[in-house]
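Structure record follows, encoded as structure tokens.
Please treat every number below as a calculation from the coordinates, not as lab data. Predicted, not measured: the structure shown is a model, and the values here were computed from it.
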């Protein structure tokens, strides 16, 4: 009886852990997609100088839209690139650059 209980508990725990890992992997892949699409759009519009704002940061806004922003180096004034990306449609919905 103990062995049966142990097998059931082990199976349930492994299922739960796999579900959590898959969700994290989805978040990372969606984040990467959002950053990649935003970067392509920014380079198309603003040129290669956009690379000075790396690393780009992606935050989930809702189920399908991510907000992607550039970062400024320390001791530097100015704005950063901003984009809203629909990862399900693989499309940049909105983009701008602060001044």
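Here are some notes:
- With the largest listed first and rounded to whole Å, the semi-axes of the equivalent ellipsoid of the stretch 60-99 from the Cα gyration tensor are 24, 10, 6.
- For the pair residue 96 and residue 80, the difference between a 0.36 nm per residue extended length and the Cα-Cα distance amounts to 4.9 nm.
- Gain on full stretching of the segment that runs from residue 64 to residue 29 - 0.36 nm per residue minus C-alpha separation: 11.4 nm
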